[in-house]
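**Q** I am attaching a structure below and will ask some questions about it afterwards.
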Amino acid sequence: MTLSISAHRIRTSAAILVALVLASGGPLRAQSRPDSTSDSLRQRVRDSLIAAILSDTSDLVEAELPPLTLPFFRQSFTVRPTVRRYSLGTVKAEEQASASSWIARFPRATLRLDLTPVSYAGDTSLTSGRPQVVVSGVSPVTGRVDVRLRSTDTLRVFGQTMSFPGALSNVEAQALGAIGTSTVDLDAGAIGIAARIGTRYTLTQPVGNDGISVMLRGGLEYDLKPGGAEVVSWRGTTVRAGAGISRATSSTTVGASVEVTRSFSDSLGGRNLFPGGGALTFDGRLLRFVGADGTGFVTANAFYSRPLDIERPDQPTRLIPIGDFAALTVAGAWPVRAVTLLPTIALMRESSSATALVNGTVVNGVVVNRVTTQLNASGFTSSLSLGLAIPLGRFVTVTPEAGGAFGTVSQTVSSSFPRRIGRPIVRSQGFSDPLRGGWFALEISISQ
């Protein structure tokens, strides 16, 4: 991952569906599938939420329903037009994207196709008065098949085309980098990505009769090496391994997991946007059903990701160098008559630091007159959003959602110059800019 978590941008639907999938490993609640209108609404709401899950989110297994009660074939199509606007200091940026998904579900398999046309306009630097640069294209067309083996084991085979265009110019990369941190949600980050194929296998084993399950997961991915002279994100070959544990009761499910990834690629002569290395990620989740009939629920998801052996942390598409990334998301779904409220609160923070020897003189094997530079950078974003799932008849669900984001991005570079007598001279420069933004989305899901 590049922190692959940055591709797992936290959204209302992602947090809710991840919790639902996690809950499927436990016993079914007696009242969770009544033959009633509330059950039909809940099914349609869940189908609508699936659309915003990106192609490499957690394993999607159609296990919320017992296999014998699931129709042989079900499908859904979802489109989610979204408008985002951000300001960071003097930089202005806006984006229009339309995520589209088609999902076909069978008793033991799920087929999924995704793509997102996107147009981004942003400044090229932190100075005002610059004309905005427009980056337009389509994210990789992604397809995946999840097959459920035994009762809960999952085999995934997936692939994606390169994005269109398949690379970015230096000016386009700088425009994205003017506000580019892991805490800012942008679909334009999927432009300039190489084609990929891969497979993952998840082994799940129940332990005892208390709803406890353990999980082991491994995967192998391969990115086709791109040609050309423009900048592109190319991960080469990636291996991943993870383990987790969860416990499900009649009303609550909790789980935790750890995953490590390692990618093997090169700099492509300085034009590779992928920084190299891998990441170690810890993840914790909670799902609790609420309400008298159990049709509402609250989820909480927390994770922490640390990059490993990063070779090129400072990329043109990044405002601050890649560093540790942590987030907490609390989301919920609460039916109110014929509609369902979908509130979400998210807190995200990324931080990085590095020390470098700028120059010095070696005398008898000892460095003297050493000049060092210390870099500290961080980004913090808090966001709040509210969606409203509105069923229109039996097959259509419309979900408008609006949200706002607030935070700061800062960086300080301090250089220490030695003196023959007295303390070293320290000179610092940097910036600290407020982040403001908001978005509106209108998701339309058709299912049968």
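The values are calculated or read from the model by the stated rules, or taken from the named source; none is laboratory data. As the structure is a computational prediction, the values presented were derived from the model and not from experiment. Because the Cβ atoms are built from the backbone with ideal geometry, glycine has one as well, and the counts that use them run over all protein chains shown.
**Q** So, in the stretch 148-164, how many residues would count as being surrounded by 15 or more Cβ atoms within 10 Å (Cβ to Cβ) and not in a strand (DSSP E or B)?
**A** 4
**Q** Looking at the stretch 152-175, which of the residues that are without any contact (Cβ under 8 Å) to a residue 40 or more places away in the chain and among the polar types (S, T, N, Q) is nearest to ARG85 (Cα to Cα)?
**A** Step by step, filter the stretch 152-175, then rank; the result is SER163.
**Q** Out of the residues in the stretch 337-366 that are at pLDDT 90 or above and hydrophobic (A, V, I, L, M, F, W, C), state the one that is farthest from GLY277 (Cα to Cα). Explain how you work it out, then say what you get.
**A** Narrowing the stretch 337-366 to residues at pLDDT 90 or above: 339-352.
Among the residues that remain, those that are also hydrophobic (A, V, I, L, M, F, W, C) are: 339, 341-342, 345-348.
Values: VAL339: 45, LEU341: 41, LEU342: 37, ILE345: 31, ALA346: 27, LEU347: 26, MET348: 22 Å.
My answer is VAL339.
**Q** Can you tell me how many residues in the stretch 179-224 are surrounded by fewer than 16 Cβ atoms within 10 Å (Cβ to Cβ) and outside any strand (DSSP E or B)?
**A** So the count comes out to 4.
**Q** Still on this structure, I have one more. Residues being among the small types (Gly, Ala, Ser) and under 18 Å from THR202 (Cα atoms): count how many of those fall in the stretch 106-142.
**A** Of the stretch 106-142, the ones among the small types (Gly, Ala, Ser) are 109, 119, 121-122, 125, 128-129, 136-137, 139.
Filter again for under 18 Å from THR202 (Cα atoms), leaving 109.
Here the count works out to 1.
**Q** To continue, here is another question. Applying the selection to the stretch 285-310, what residues are modelled with pLDDT under 90, surrounded by fewer than 16 Cβ atoms within 10 Å (Cβ to Cβ) and either not in a loop (DSSP other than H, G, I, E, B) or not small (Gly, Ala, Ser) (or both)?
**A** VAL290, ASP293
**Q** Do you know which residues across the stretch 386-445 are touching a residue at least 40 places away in the same chain (Cβ under 8 Å) and not in a strand (DSSP E or B)?
**A** Answer for the stretch 386-445, where residues must be touching a residue at least 40 places away in the same chain (Cβ under 8 Å) and not in a strand (DSSP E or B): ARG394, PHE395, PRO418.
**Q** Let me ask something else. Would you check which residues across the stretch 322-340 are over 30 Å from GLY393 (Cβ atoms) and crowded, with 21+ Cβ neighbours inside 10 Å and list them?
**A** Pass one, the stretch 322-340, residues over 30 Å from GLY393 (Cβ atoms): 322-330.
ILE322, GLY323, PHE325, ALA327, THR329, listed by residue number.
**Q** Another question, if that's okay. Filter the stretch 217-274 down to the residues that are out of contact with any Leu (no Cβ under 7 Å at 6 or more places or on another chain) and acidic (Asp, Glu), then identify the one that is farthest from LEU176 (Cα to Cα).
**A** GLU259
**Q** While we're here: Filter the stretch 145-196 for residues that are touching a Leu at 6+ places or on another chain (Cβ under 9 Å) and among the acidic types (Asp, Glu); which is nearest to SER383 (Cα to Cα)?
**A** ASP146
**Q** Same structure, new question: Which of the residues that make up the stretch 225-248 are surrounded by fewer than 15 Cβ atoms within 10 Å (Cβ to Cβ) and polar (S, T, N, Q)?
**A** If the condition is that a residue be surrounded by fewer than 15 Cβ atoms within 10 Å (Cβ to Cβ) and polar (S, T, N, Q), then THR237 is the only one that fits.
**Q** Considering every residue within the stretch 90-106, establish whether at least one is assigned to a loop (DSSP other than H, G, I, E, B) and either out of contact with any Pro (no Cβ under 7 Å at 6 or more places or on another chain) or among the aliphatic types (A, V, I, L, M) (or both).
**A** Looking for residues that are assigned to a loop (DSSP other than H, G, I, E, B) and either out of contact with any Pro (no Cβ under 7 Å at 6 or more places or on another chain) or among the aliphatic types (A, V, I, L, M) (or both), one finds at least one in the stretch 90-106, hence yes.
**Q** Just to verify a result, which residue in the stretch 230-243, among those that are over 19 Å from the mean Cα position of the chain (by Cα) and free of Cβ contacts under 8 Å to residues at least 60 places away in the same chain, is nearest to ARG312 (Cα to Cα)?
**A** Residue satisfying both the conditions and the ranking: GLY236.
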